[in-house]
Amino acid sequence: MRQTLVIANWKLNGGIGLLKEMAEHFHHVDTQEQVQVQVVICPPAVYLKTADVLFEPIGVHLGGQNCSEHLSGAFTGEISAEMLADVGCKFVLVGHSERRALFADNNAVIAEKVQQAQSSNLIPVLCVGETLAEREANAVESVIQEQLEAALQQADFERLVIAYEPVWAIGTGVTASPEQAQEVHKIIRDWVASKAPQEAQKLQILYGGSVKADNAQTLFSQPDIDGGLIGGASLDTEQFDAICKAAKDI
Ligand code: PGA
């Protein structure tokens, strides 16, 4: 009932060469696979226009990795949600744990970014997740609910994706077990259902954190996991393709 979604988050990696390699590859993906799995690439912003030219004709969507909380003005170096939409993006990542930890994206800023994204007709992919210390303190549920509550007060749940990314699993090679991930995905869906019961069943909730070709299928086949947000493995065309195929086979 929910289409599987696989999003590549290239972070500060990749370039024109990788874009061309991926586009060449996905050009050959059969339409059946494209119908079953929606693929989104989030390259660094400077490559978005080139990416749009390469990917638009083959049905692969684009996303920004971040957007400003502001619409426009004297904010040197920033990129607005509207600008991302202008160059062909459909999605934008908001609240990634690296943005929270390294660029001071707090809950208030994240809520504003969700607003900017939605009013520019982008689908925000809100990232939430606990640290290892929070998990060890049995605070997973409260941390996740607090992040959701803060970011989504004004949100339109019909135009939203949520990604559960436990901080301890990002880029570490340690993946949440399918059971651990499913437990949190259920917490997220239940929370959304308490705000917007109808939308909760349609909402795509992705898992992110050391997803690889060999663990993707068991993760994606959990009842509340609707695909993945892929960092490191999305930089390797073969790995990323294998992950997209795993998403198709569930
Ligand atoms: P990873 O990153 O797949 O390299 O763990 C995921 C992410 O940060 O979105």
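The values are calculated or read from the model by the stated rules, or taken from the named source; none is laboratory data. The shown structure was predicted, so the numbers you read here are calculated from the model rather than taken from an experiment. Glycine also receives a Cβ, built like all others from the backbone with ideal geometry; neighbour counts cover every protein chain displayed. Remember, those area values only see protein heavy atoms, side chains included, never the ligands or the DNA or RNA. Shrake-Rupley method; radii C 1.70, N 1.55, O 1.52, S 1.80 Å.
Inter-part distance, region 125-142 to region 175-250, computed on C-alpha centroids, equals 17 Å.
Can you list, largest first and rounded to whole Å, the semi-axes you get for region 114-172 by taking the square root of 5 times each eigenvalue of its Cα gyration tensor?
Numbers: eigenvalues 124, 33, 9 Å².
The answer is 25, 13, 7 Å, longest axis first.
Rg and Dmax of region 114-250, both derived from C-alpha coordinates alone, stand at 14.6, 40 Å.
Assuming a viscosity of 1.567 mPa s and a temperature of 4 °C, what translational diffusion coefficient in µm² per second does Stokes-Einstein assign to region 1-71, Rh being the Kirkwood radius over Cα pairs?
Numbers: Rh = 12.8 Å.
Value of D from the Cα-based Kirkwood radius: 101 µm²/s.
Taking the charge dipole of region 1-123 about its Cα centre, with +1 at Lys and Arg Cβ atoms and -1 at Asp and Glu Cβ atoms, the residue from Val109, Met22, Ile58 reaching farthest to the positive side is Val109. In straight-distance terms, cross-link reach from Lys20 covers every one of the lysines whose alpha-carbon lies under 19 Å from its own, apart from those fewer than eight places away in the same chain; here that gives Lys11, Lys49. Loop-located trypsin sites (Lys or Arg not before Pro) in region 96-197 (DSSP state not H, G, I, E or B) with no more than 15 neighbouring Cβ atoms inside 10 Å: Arg159.
The Stokes-Einstein estimate for region 180-250, based on a Kirkwood radius over Cα pairs and taken at 20 °C with 1.002 mPa s viscosity, is a diffusion coefficient of 170 µm²/s. Computed about its Cα centre, the charge dipole of the chain is approximately 180 debye, with only Lys, Arg, Asp and Glu carrying charge at their Cβ.
Counting other Cβ atoms within 10 Å, keep those with at most 13, restrict to DSSP loop, and tell me which chymotrypsin sites (Phe, Trp or Tyr not before Pro) in region 1-93 are left. Walk me through the numbers on the way to the answer.
On the way: sites: Trp10, Phe26, Tyr47, Phe55, Phe75, Phe91; in loops: Trp10, Phe75.
Those satisfying the criteria are Phe75.
Lysine pair count for region 93-250 (Cα-Cα distance under 23 Å; residues 8 or more apart in sequence or on different chains): 10. Each principal axis of the Cα cloud of region 1-126 was taken in turn, and the coordinate range along them, longest first, works out to 43, 35, 25 Å. Each listed q (0.08, 0.13, 0.14 Å⁻¹) maps to a log10 I(q)/I(0) for the chain from the Debye sum over equal C-alpha point scatterers, namely -0.27, -0.75, -0.88. With all protein chains in place and ligands, DNA and RNA left out, the 1.4 Å accessible area ranks Met1, Met22, Met83 as Met1, Met83, Met22, largest first. Couplings for region 139-148, taken from phi via the Karplus curve 6.51 cos²θ - 1.76 cosθ + 1.60 with θ = phi - 60°, read 10, 4, 4, 5, 5, 5, 5, 5, 5, 5 Hz in order; Gly and Pro are left as x. Return the FRET efficiency for the residue pair Leu71, Ala150: r is the Cβ-Cβ distance, R0 is 22 Å, and the value is rounded to the nearest 0.05. Computed FRET efficiency for Leu71 and Ala150 comes out at 0.60.
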